Every structure is written in structure tokens, then in C-alpha cells.
Amino acid sequence: MSGERYRNSFLREVEHNVEEGHWVKMCMQCGVCSGSCPFGPHWAHPPQELFMMIRAGKREEVLGSDAMWMCTSCYNCVVRCPRKLPITHIMHGLANYAHRLGLAPKNQPTRQFAKMFWDNLSKTGRVNELKLSLGLYFKDGFKQGIRNALAMKDIGLGMLKAKRLNPLELVKPHACKGAKDIHAILAKAKEIEDRRKGLSA
Amino acid sequence: MAETKTAAYICQGCGIGERLSTRQLAQIAQKEGKMALVREHPFLCGAEGVGLIRDDIEREAVTHVLIAACSRRAKTEAFHFPTVALARANLREGVLWSQPEADEAAGLTQEMANDYVRMGCAELKKTKLPLGNPLAATNRRILVVGGGVSGLTAALEAARAGYQVVLVEKERALGGWAAKLHKRVPFREPHADPADTGIEQLIAQVTGHPRIRVHLGATLLETRGAPGRFSVQVSVESGAAVTEEVGSIVQATGFTLYDAGKLPALGYGKTPDVVDQAGLERLARQAAAAGGAIRRPSDGAEVGSVVFVQCAGQRDEGGSHLPYCSGHCCATSIKQAMYFKDANPEVDTVVIYTDLRVPGSGEDFYRSAQRKGVTFTKGRVASVEPASGGCKVSFRDLILDEDVALEADLVVLATGQVPNSGVNIELADDDPAKAAQVPILNLAYRQGKDMPQLKHGFTDSHFICFPYETRRTGIYAAGPVRRPMDMAQAVEDATGAALKAIQAVENAAAGRAAHPRSGDLSYPIVRIEGCTQCKRCTVECPFGAIDEDESRFPVFNESRCRRCGTCMGACPVRVIGFENYSVDTVGAQIKAVDMPDEFSEKPRVLLLACENDAYPALDMAALQRRVYSAFVRVIPVRCLGSVNTIWITDALNSGYDGVMLMGCKHGEDYQCHFVKGSELANYRMGKIDDTLKQLGLETERVATYEVAITDVARVARLIDDYVAKILEIGLSPMKGFA
Ligand code: SF4
Ligand code: SF4
Ligand code: SF4
């Protein structure tokens with residue numbers, strides 16, 4: 001067993017690099033969050049355990065875990081945590097950090113979707129719903145995509161009839177008027193955030 | 001003493017006049033009760049009613065007063081006539097409020113009230129006005145044994161309240177455990193950082209106080225006497241013996257840390273880098289004196305990582321170590337981890353615990369440590385072993401559920417508090433364990449040299465209701481000698497004990513009882529000519545109040561007595577009694593009840609109810625208008641321990657169909673005000689079956705119940721169930737023979 005285990009190094013790393021990560025040390029291991037989480041039995045590490053793993057220095061296991069990607073942002077844990085930890089935010093902070101380091105599990109669907117969504121959105125400043133859903137259907141290959149699309153066809157046709165879905169968006173997508181400005185805003189925001197996280201000077 | 005003149009006052013207020021014929025009650029008081037003066041009044045507890053009684057006492061020379069109104073627990077201030085003997089007949093709670101209002105019930109309700117008036121008259125005639133202990137002693141000095149935080153606080157509090165204090169400390173310096181600490185756990189907001197112990201100031205205040213005399217390097221050779229007149233032989237540093245006369249005593253002899261040498265599995269003794277909490281305090285003080293970081297004992301290197309092992313040799317279910325939690329050690333380890341973190345945040349500090357117990361504001365302190373980066377790991381330590389350049393701590397991580405190990409420069413074991421209680425008087429004299437124990441108080445009492453121990457060697461205190469109260473009147477235990485505790489709790493404890501010690505000297509001086517019947521002027525009076533030297537009273541007195549003289553007659557030390565009456569209940573020849581509570585006052589009430597014949601289908605059940613819990617529960621049941629059977633007749637008793645079996649045989653002989661006894665919970669987690677009273681009663685009643693068989697009666701005719709003060713609904717139900725049971729087995733065949 002490595003002598004570094006249970007030392008504060010990974011905890012410190014989390015404190016410095018993960019959004020709201022400085023809260024992890026305040027967990028008192030009561031388990032209320034794990035008991036409150038609707039995902040409870042379905043994921044590898046509920047929040048309490050994840051926090052203990054951080055304190056135990058299990059860096060690879062934590063950052064490579066899909067646990068924090070499973071969080072639905074229901075905030076059940078946050079309202080109940082007696083120590084007032086912003087658990088949901090820490091979950092997303094951890095996911096984001098793991099993603100940045102390239103340690104997040106590659107085929108984790110939440111991660112894939114989040115990335116797809118972000119790319120879709122940031123391109124034009126608007127979400128192109130048609131492209132997003134098709135992207136999602138076809139993410140596991142063409143055959144599976146057709147199957148997915150067929151399974152959803154009634155809903156799709158219904159939306160078409162109700163004018164909630166415009167096939168033209170596929171060829172001539174809507175964009176924001178100031179897409180350029182939006183890119184500039186996002187770039188600036190990233191710069192600020194990176195600075196805050198200490199990623200750039 | 002003036003000639004006896006009795007008077008009965010029957011109140012018509014609170015609805016008594018509407019539902020009962022007070023005329024009939026007055027006639028009973030006059031004709032059957034033979035009261036010299038009988039008056040009815042519409043509102044007796046009002047100024048006019050009370051004035052009427054006062055006038056009669058003054059002008060008519062009334063010496064004995066019966067108030068037939070509400071429960072004896074109500075209106076005690078209005079009906080306070082300190083110059084006359086008093087009895088109360090409980091018509092309001094005992095009859096009106098516990099009986100149905102329906103017209104059909106009126107007959108039985110009146111019968112009940114009639115009986116209570118008869119009983120009140122009978123009791124009154126046997127009662128005398130208590131005059132207080134004639135041997136009252138007035139020494140008001142207070143002896144404090146132990147000069148740690150508890151003892152110093154007790155001494156200072158008593159002195160500040162104006163009392164002379166003698167403080168005896170066996171070491172050559174004051175301060176105890178606190179003087180060994182680098183810092184203490186904070187007492188005040190924001191509970192964030194270790195605080196200065198403040199022990200030097202406390203010592204200075206004590207040594208500089210004009211009313212406190214300190215003996216250092218001193219022990220007690222003998223303590224004899226009673227509250228108000230203790231005489232204590234103190235062996236002082238020079239080896240000489242001095243006599244200190246005091247009125248009461250606070251025992252604050254503290255604790256010793258559990259011997260970590262008994263924990264070889266946790267590495268103690270295998271490497272100097274495993275220390276107990278005292279050891280860490282020593283290292284911290286050395287570091288502070290040298291102005292540097294804490295260094296590990298083995299090689300003097302600065303400590304870069306430290307592991308705290310909680311519950312070391314504590315909460316042990318295996319029976320080899322302390323079975324209990326000492327309460328303070330989690331906060332103490334947190335404090336010690338802060339010694340490191342505050343000096344250098346880079347030091348790794350890990351606390352391994354199974355349950356972190358930081359009651360009260362300790363939670364803030366815990367959070368502060370987390371903020372400072374102390375790591376808390378829920379785990380069970382299996383072993384600590386010396387390893388290259390430090391120690392290896394192997395443990396089971398209870399959250400991640402795996403066996404792991406980690407290395408540290410230093411390991412601190414949180415061992416527990418072992419009370420300095422002196423000898424365990426319950427051990428047999430030839431028990432080698434007893435021989436190894438050194439007495440502290442050296443009491444010249446028949447019951448043994450030190451105070452009884454409650455559990456795990458902690459000195460007795462009434463754990464549930466009355467902390468500091470011990471079973472030795474006038475001697476109060478304070479601080480970790482009576483239960484595990486931290487310094488803040490010890491300060492509070494010592495203050496409480498000092499106040500108790502003050503009450504004790506004041507009560508003793510006035511010839512009154514100490515708690516729980518504080519202020520009671522009655523005291524046990526023995527007709528020593530009738531005594532058969534059976535020693536039951538001396539053995540059974542829960543408070544060790546009775547010694548024996550050379551010819552084995554009991555010697556009552558009135559100011560050590562709590563007035564529970566256990567001796568009276570125990571005495572087979574019935575020579576012990578109080579002026580206002582005796583075999584006769586209760587016996588006369590039992591016999592005064594009008595006994596319907598066996599064809600009436602009206603059973604009579606006697607209920608002897610402990611006045612501390614069961615009787616108040618009955619009053620509260622009445623207050624909630626909980627109806628119970630009209631066949632019961634209740635007599636309050638000071639304690640079930642005071643119940644003499646003669647009352648029961650008398651009751652059965654006079655035709656009662658059943659006897660209920662209601663007392664407090666006994667045994668390990670007893671609730672009895674007098675500690676052993678209900679237990680003794682239970683023991684005595686266990687033997688009543690033989691008597692019943694001799695009388696040819698069913699064993700169900702005597703039933704004992706444990707009743708708590710909160711059992712309000714239950715008391716009424718118990719009565720009804722019991723009466724139903726009696727109706728089922730049939731009325732007593734003894735009726736009509738009395
Ligand atoms: S917010 Fe996330 S971690 Fe918290 S309970 Fe909901 S799903 Fe679980
Ligand atoms: S509820 Fe809060 S304190 Fe409790 S285990 Fe979860 S994060 Fe920790
Ligand atoms: S048994 Fe009770 S009443 Fe009797 S001497 Fe002891 S304390 Fe006093």
C-alpha cells in the first residue's frame with residue numbers, strides 16, 4: 001500500500017482544482033447523501049464514499065469513475081446534508097475535472113451527451129434540437145441510429161405536425177444574430193474560469 | 001407540649017361541594033374521626049379559609065389540622081402551618097377528578113370520600129409535629145478532596161459563596177490533569193482553536209483566597225461523623241496528622257489514564273513513537289518550551305505525520321479493557337491534531353475513529369479541525385507496529401470496507417479515564433483486588449471506607465435524577481471520579497457539588513433533611529428498648545446512616561439520614577418511626593377504611609404509592625380526568641422501601657381484597673429517589689407469598705408495580721386491571737373477622 005494513501009495530497013489536488021472541492025474535507029461521513037440519492041444502489045460510488053476515496057488518496061479510481069457522471073442534479077443530497085456540502089456541484093466539478101484531465105471514462109453516455117450538447121450549442125449560440133437528437137440516435141453507429149429513429153418516429157411525426165420540428169434546420173440551421181459575439185463571450189468566460197482554476201496564468 | 005386539639009377542615013371548592021355531601025364528611029370527621037373541631041368552607045385555600053385555620057390555631061389552640069381538600073401535593077404554600085401537625089385527605093384529585101360525574105356513580109364516589117376523611121382523621125391522631133434533629137451540628141466548613149480542575153473549582157465556588165474551605169491534594173502541587181496539558185479544548189465561541197488551560201490563574205485564585213486552606217502532599221487518614229460535624233484526620237506533607245472539623249465534603253479525586261501498557265497490539269511499549277494522550281501533551285509542552293515543532297521521541301525528528309487512534313482500550317466489548325466511552329477523548333485528539341496543524345499545515349494528521357463523539361459545541365470544534373485539514377477516517381485499528389522510520393498503522397476502513405495500512409512518524413492512543421474512587425466497598429474483605437486498593441476518604445462508617453461505586457468503578461452518584469448526590473449524605477462526588485467527563489463538564493459538576501455541599505451544611509445546621517426531602521424536619525426515632533439487634537436497619541439503610549455501638553445496637557446519625565424510611569420498613573419489631581410517618585400513621589389509615597361485607601360485591605384494594613413518582617402520576621391522571629375504580633384506597637408512602645410488611649398483613653386481615661404497591665424502577669437503571677428503596681421492597685414482597693399462603697390467600701392479592709412519574713395513563717389502567725382481577729378471583733374470605 002502506498003505511503004501516500006490517506007495523506008492529504010489528492011484531497012489537496014481536489015481542493016485546488018475541482019469546483020467546490022474545498023468542501024470535501026468537511027464531510028462527516030454520515031451517509032445521508034448516499035441514502036438520499038435516487039441512484040443509491042445503481043452506481044459504483046455514492047457521494048459519501050467518493051469523498052472518503054478522495055480523502056484516502058484514490059486518485060485514479062475517483063477520476064476514472066463514472067459515479068459523478070451519474071448525478072441527475074436532483075439536489076436531494078444538498079438539501080439534506082447536515083454539513084451543507086454542495087454535493088451536486090462537487091459531483092459536476094469532479095466530472096469536469098476528470099474530463100479536463102482526459103481521465104473520464106470514454107463511453108460514459110452522460111459525458112458523451114454533455115459534450116455533444118456543448119458543441120451543438122456553442123457553435124451557433126442556439127441549440128439545434130434536430131441535429132442534437134439525430135446525433136444522439138446515431139452515436140453508436142448507423143444501424144443503431146436507424147433503430148433509435150424508428151422507435152421514436154411517432155413522436156417525431158407528431159412534433160412535425162404540431163410544427164415543433166422543422167426538417168429544414170438540418171440544411172439551413174438557425175443561428176444567433178451575434179454568434180461571433182457569443183464565441184467571444186464564451187472564450188472570455190473560459191479564460192476567467194481557467195484562471196480561477198489555476199489552469200492558465 | 002400543649003394538649004392535643006384536633007380540627008378538620010372540609011373544603012367545598014373546586015366542585016367538591018357540588019358532587020359530594022360535605023355535610024356527611026363533616027359528620028364522619030366528628031363522630032367517627034372524633035375531631036374536636038370540624039368546619040366546612042367554600043374555598044379553603046383562599047385568604048379567608050386559610051385565615052380561619054390560622055385563627056383556630058391561635059385562638060382555639062388547635063394543634064392538629066386535617067385538610068380535606070386537594071392532594072397533599074397541591075396548595076402546599078397556602079396550607080403551610082409550621083406550628084401544627086398536619087394531615088391531608090385527598091378529595092379533589094383522589095376522588096372528584098378520578099371518578100365519573102354520572103349520577104349513578106355518586107354513591108361510590110361519596111363512599112370513597114368518606115373513607116379518605118376517616119383515613120385522614122386516623123392519620124392525624126397518630127401524627128406529631130416534627131421538631132427537627134435535636135443533635136443538629138453547625139460546622140459549615142467544606143472539605144474538598146482533590147486539587148485538580150474539579151476540586152479547585154469546588155473550593156473556589158464554595159469560598160466565594162462565603163464558606164470556609166479546606167482543600168486536600170495528595171500531590172505536592174495543585175492542578176491535576178489540567179496542569180499537565182499544553183492547551184485545553186475551548187469552552188467558548190467560536191470553539192475553533194485550542195485555548196490556554198487557565199490552570200495557573202485558577203490555582204492562584206485558590207491559594208490566594210483568604211477562606212481556603214490548602215494541604216499539599218496530604219491524604220485522609222480517617223473521616224468520621226456526619227454532616228455538620230465531620231472530623232477528618234489529615235496526614236500532611238510533614239508526616240504529621242492534623243484534625244480538620246468540617247460540615248460537608250466534596251470528593252473530586254479525578255481519574256488516572258488507562259494504562260496503555262495493556263495495549264501492546266497498538267504498539268505501546270514497542271516503540272517510543274506510540275504515546276498516549278498524556279504523552280502527546282508532554283511532547284507538546286516540550287516543543288512549546290523549546291520554541292519549535294513537536295518532535296518524535298525515538299530520534300528527535302520533527303513529526304511530519306501523526307495518526308490518532310480513538311477508543312484505544314475503550315468501548316471494549318471483549319471484556320479485556322474499559323467497556324465505556326470516556327467522552328472527552330475525541331475532542332482531545334482533535335485538539336492535539338490542531339497542535340500540529342496550527343504550527344504547520346503541511347503535517348499530515350489522521351484521526352481514525354469508529355464514531356466521533358463530540359457532544360454539544362464539540363461539533364464546531366470538529367468542523368474547525370476539518371477546515372484546518374485534519375483528516376478523519378472511519379476505521380477500526382487492528383495493529384500498530386514499529387516500521388522503518390516510524391510506525392505502521394493497520395486498520396479496516398469502515399467506509400470503503402477494506403483493510404489498509406498507513407505509515408506515520410507518531411501514533412497517539414486515545415485511552416480512557418479510570419476513576420480514582422478508592423476502595424470498592426462491595427468487594428469481600430478477603431478479595432485480593434480490594435487489598436490492592438487504597439482508600440481515599442477512610443470513612444469510619446459501618447458500611448465501608450469509601451463511597452459505594454455505581455458502575456465500572458465510578459464513585460456513586462444518583463445518575464438519573466440527581467448528579468453529585470451520593471449515598472453518603474453530606475459527601476458529594478464531582479468531576480471524572482463519578483463519570484467520565486471533560487474539563488468544561490468538570491467545572492460545571494464541581495460548581496453543582498459545591499452548592500450541594502453548602503445546602504448540606506445549612507440543612508444539617510437547621511436539623512433538616514438533605515435532598516431529596518430537603519427541609520424535612522422529621523427524623524427516624526427508635527425505641528431502642530424494643531430493638532433486638534437484628535441489624536436489618538443498619539444493613540438496609542441505603543445511605544449508610546446507621547452505625548452500630550459496641551453492643552450492636554443501631555446508632556442513628558440523623559444528619560446522614562435522608563428520611564426515606566427504609567429502616568422503618570425493615571425493622572421486624574417496628575421500633576423505628578418518624579413523628580409524622582410511622583407504622584402507626586399508615587396502619588391507622590389502613591384500619592380506618594369502612595369495610596363492606598363480603599356480599600356487598602364492593603371490593604377494597606389498598607394502594608401504597610411512592611410519593612415521588614407513583615403518587616404524582618396518580619395526581620396527573622386525575623388532572624387529565626382519567627377515571628379509575630372507586631374501590632381503591634390510596635396511601636402515599638415516602639418510598640416503597642419504607643413499607644413494613646405489617647401493613648400488608650394488617651390490610652389482608654382487615655378484609656382488603658388486594659394490596660397494590662407502586663414504586664420506582666429498581667435494578668441497574670433504577671429510578672428510585674432513595675436508590676435501593678424500591679429494590680428492597682421488591683425483595684421483601686418476594687417473600688410475602690409465604691404469608692399469603694399461611695393466611696390461605698391467593699398470591700395475586702399482593703401485587704408490586706414499577707411506575708414512572710410519566711406513567712399517567714398507565715396508573716389508572718393498572719388499577720382497573722387489578723380490580724378486575726380481584727373481582728375475578730373473588731372477594732377476600734377474611735372479611736368480617738377483623
Ligand atoms: S444531486 Fe446527484 S448526487 Fe445528489 S442525490 Fe441527486 S443524483 Fe444523487
Ligand atoms: S450528507 Fe454531507 S456530511 Fe453526510 S456523508 Fe454526505 S456529504 Fe458527507
Ligand atoms: S434507612 Fe432511610 S430513614 Fe432510615 S436511617 Fe437510613 S436514610 Fe434514614
Practice task
Report whether or not A:HIS16 is away from ligand 1 (no atom under 13 Å from the Cβ), free of Cβ contacts under 8 Å to residues at least 12 places away in the same chain and within 20 Å of the chain's Cα centre (by Cα).
Solution key: no
Exercise for the section: Could you tell me which residue of segment B:173-223 is surrounded by the most Cβ atoms within 10 Å (Cβ to Cβ), considering only residues that are out of contact with any strand residue (DSSP E or B) (no Cβ under 8 Å at 6 or more places or on another chain) and among the β-branched types (Val, Ile, Thr)? Expected result: B:ILE199
Exercise for the section: Determine whether segment B:331-345 contains at least one residue that is surrounded by fewer than 21 Cβ atoms within 10 Å (Cβ to Cβ), more than 14 Å from chain A (Cβ to nearest Cβ) and touching a Lys or Arg at 6+ places or on another chain (Cβ under 9 Å). Expected result: yes
Exercise for the section: Kindly provide the set of residues from segment B:647-673 that are over 13 Å from B:ASP613 (Cβ atoms) and touching a Pro at 6+ places or on another chain (Cβ under 9 Å), ordered by number. Expected result: B:GLY655, B:TYR656, B:ASP657, B:GLY658
Handout entry: Top-ranked residue in segment A:35-74 [being surrounded by fewer than 18 Cβ atoms within 10 Å (Cβ to Cβ) and without any contact (Cβ under 8 Å) to a residue 24 or more places away in the chain; ranked as farthest from ligand 2 (Cβ to nearest atom)]
Key = A:GLU61
Completion exercise
Per the filter on segment B:422-434, residues part of a loop (DSSP other than H, G, I, E, B) and either of a type in the set (A, V, I, L, M) or closer than 13 Å to B:GLY448 by Cα (or both) are B:GLY422, B:VAL423, B:ASN424, B:ILE425, B:GLU426, B:LEU427, B:ALA428, B:ASP429
Problem - Only listed residue being closer than 17 Å to B:SER582 by Cα and away from ligand 3 (no atom under 16 Å from the Cβ), chosen from B:VAL634, B:VAL659, B:VAL643 - result: B:VAL634
Practice task
Name the single residue, out of those in segment A:46-68 being more than 14 Å from every other protein chain (Cβ to nearest Cβ) and part of a loop (DSSP other than H, G, I, E, B), that is modelled with the lowest pLDDT.
Solution key: A:ASP66
Fill in the blank from the handout: For segment B:617-639, pairs from a residue that is buried (at least 21 other Cβ atoms within 10 Å of the Cβ) to a residue that is at pLDDT below 95 and aromatic (Phe, Trp, Tyr), with Cβ under 6 Å and 6 or more apart or across chains, are B:CYS639/B:PHE674
Fill in the blank from the handout: Listed by range, strands (runs of 3 or more DSSP E) wholly within segment B:234-311 having at least 1 residues that are of a type in the set (A, V, I, L, M) and farther than 28 Å from B:ALA154 by Cα are B:274-276, B:305-309
Fill in the blank from the handout: With the first residue restricted to segment B:414-437 and required to be within 12 Å of B:GLY254 (Cα to Cα) and hydroxyl-bearing (Ser, Thr, Tyr), and the second required to be part of a loop (DSSP other than H, G, I, E, B) and at pLDDT 90 or above, Cβ contacts under 7 Å at 6 or more apart or on different chains are B:SER421/B:ASP450; B:SER421/B:GLY457
Exercise for the section: Output yes when any residue across segment B:425-444 is out of contact with any Lys or Arg (no Cβ under 8 Å at 6 or more places or on another chain), at positive phi and more than 14 Å from chain A (Cβ to nearest Cβ), and no when none is. Expected result: no
Completion exercise
Of B:GLY577, B:GLY511, the only residue that is assigned to a loop (DSSP other than H, G, I, E, B), more than 16 Å from ligand 1 (Cβ to nearest atom) and more than 14 Å from chain A (Cβ to nearest Cβ) is B:GLY511
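Here is a yes/no grid of residues against (1) at negative phi; (2) among the β-branched types (Val, Ile, Thr):
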site	(1), (2)
B:ASP690	yes, no
B:GLY696	no, no
B:TYR705	yes, no
B:ALA708	yes, no
B:VAL712	yes, yes
B:LEU718	yes, no
Handout entry: Residues located in segment A:23-34, provided they are out of contact with any strand residue (DSSP E or B) (no Cβ under 9 Å at 6 or more places or on another chain), more than 7 Å from ligand 2 (Cβ to nearest atom) and facing chain B (nearest Cβ under 9 Å)
Key = A:MET26
Exercise for the section: Would you check which residues across segment A:121-150 are in a helix (DSSP H, G or I) and either outside the structural domain of A:ALA187 (by TED's automatic domain parsing) or aliphatic (A, V, I, L, M) (or both) and list them? Expected result: A:LEU121, A:LEU130, A:LEU132, A:LEU134, A:LEU136, A:ILE146, A:ALA149, A:LEU150
Exercise for the section: Might you let me know whether segment A:75-93 holds any residue that is within 10 Å of chain B (Cβ to nearest Cβ), surrounded by 18 or more Cβ atoms within 10 Å (Cβ to Cβ) and in contact (Cβ under 8 Å) with a residue 12 or more places away in the chain? Expected result: no
Handout entry: Of all residues making up segment B:140-172, the number that are surrounded by fewer than 24 Cβ atoms within 10 Å (Cβ to Cβ) and of a type in the set (Ser, Thr, Tyr)
Key = 1
Handout entry: Cβ-Cβ under 9 Å pairs, at least 6 apart or on other chains, segment B:445-462 side part of a strand (DSSP E or B) and among the charged types (D, E, K, R), far side at pLDDT below 95 and surrounded by fewer than 21 Cβ atoms within 10 Å (Cβ to Cβ)
Key = B:LYS455/B:PHE463; B:LYS455/B:GLU668
Handout entry: B:ARG396 in the same structural domain as B:PHE376 (by TED's automatic domain parsing) and within 30 Å of B:VAL350 (Cβ to Cβ)
Key = yes
Practice task
Mind listing whichever residues of segment A:69-108 are within 19 Å of A:LEU136 (Cβ to Cβ), in a helix (DSSP H, G or I) and away from ligand 1 (no atom under 15 Å from the Cβ)?
Solution key: A:HIS99
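The values are calculated or read from the model by the stated rules, or taken from the named source; none is laboratory data. For clarity, every value in this text was computed on a predicted model and none was experimentally measured. Note that we place each Cβ from the backbone using ideal geometry, even for glycine, and neighbour counts take in every protein chain shown.
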